[in-house]
Amino acid sequence: MKSEWKETLTHLAWPLVTLAVLMLVKKLRGLSWRDDFHLRWPALTDAAMWLAIFVALVVAEELASKALGLDPVVPWGNKYSRFMMVVRVFGMVVLAPLSEELLFRGLLFKVLSDKIAHPAGAILITSVIFAAIHVQYKLSGMALVLVDALFFGLVRYYTGSTLLTILLHSLGNSYAAYQRISG
């Protein structure tokens, strides 16, 4: 029981600390959630199109993973209590997408886009860093995370919405949580 708490709290620490730091930076710099972090809704047709593309991407990644013989997701089984599963799923589905998207497709994307001649550089840099922090996966898993990050960067660039990237990231993590719970 003690180790499941330690492991779960460790997984929650990164998004909670990230959110706290982002709120502090926002306050100290006088940043706007809407203008600097791009927390705004895209047009409904744009959101629907990017959602459809994301679903196709997830299906393609699943098929590619199986075709390449990549290790399947390891189910949690009885490793965690029900309460701890709820806490972990909340971390995966809500906290991680919120903190990571606000940091990578929100603040860092804006800062890098302002400093680099073209947003393509911001998409690439934020995506590589995003994939690199996902060290819990093997290299092949990190490659898939990189593909997702590049996709989220494109969504952010074309829609101007970090809210949509948060939603899509949460949807993808919901599927990952389902795989771990249902296995």
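Checked against the criterion of being surrounded by fewer than 15 Cβ atoms within 10 Å (Cβ to Cβ), over 19 Å from Arg105 (Cβ atoms) and under 18 Å from the mean Cα position of the chain (by Cα), the candidates Ala67, Ala56 yield just one match: Ala56. Any chance the range 74-82 includes a residue that's in contact with a helix residue (DSSP H, G or I) (Cβ under 6 Å, 6 or more places away or on another chain), exposed (fewer than 15 other Cβ atoms within 10 Å of the Cβ) and of a type outside the set (A, V, I, L, M)? Scanning the range 74-82, I find at least one residue that is in contact with a helix residue (DSSP H, G or I) (Cβ under 6 Å, 6 or more places away or on another chain), exposed (fewer than 15 other Cβ atoms within 10 Å of the Cβ) and of a type outside the set (A, V, I, L, M), so the answer is yes. The lone criterion from (1) within 29 Å of Leu44 (Cβ to Cβ); (2) outside any helix (DSSP H, G or I); (3) of a type in the set (A, V, I, L, M) left unmet by Ala117 is number (1).
Within the range 123-165, the residues that satisfy the criterion of being among the β-branched types (Val, Ile, Thr), more than 19 Å from Ala67 (Cα to Cα) and part of a helix (DSSP H, G or I) are Ile123, Ile125, Thr126, Val128, Ile129, Val155, Thr159, Thr162, Thr165. Note on the range 109-130: among residues that are of a type in the set (Gly, Ala, Ser) and surrounded by fewer than 21 Cβ atoms within 10 Å (Cβ to Cβ), the one that is modelled with the lowest pLDDT is Ala117.
When Arg180 is tested against the conditions (1) surrounded by fewer than 17 Cβ atoms within 10 Å (Cβ to Cβ); (2) closer than 23 Å to Thr8 by Cα; (3) basic (Lys, Arg), the lone failure is (1).
The residue that is farthest from the chain's Cα centre (by Cα), counting only those in the range 1-48 that are farther than 22 Å from Met85 by Cα and among the small types (Gly, Ala, Ser), is Gly30.
Among the residues making up the range 26-50, those that are among the hydrophobic types (A, V, I, L, M, F, W, C) and closer than 15 Å to Glu101 by Cβ are Trp33, Phe37, Leu39, Trp41, Ala47, Trp50. Whenever a residue of the range 21-48 is without any contact (Cβ under 8 Å) to a residue 40 or more places away in the chain and surrounded by 11 or more Cβ atoms within 10 Å (Cβ to Cβ), its partners that are in a loop (DSSP other than H, G, I, E, B) and hydrophobic (A, V, I, L, M, F, W, C), lying with C-beta atoms within less than 6 angstrom and at least six residues away or across chains, give the pairs Trp33/Leu39.
The values are calculated or read from the model by the stated rules, or taken from the named source; none is laboratory data. A quick note: this is a predicted structure, and the numbers were derived from the prediction, not measured. All Cβ positions, even for glycine, are placed from backbone atoms using ideal geometry, and neighbour counts span all protein chains on display.
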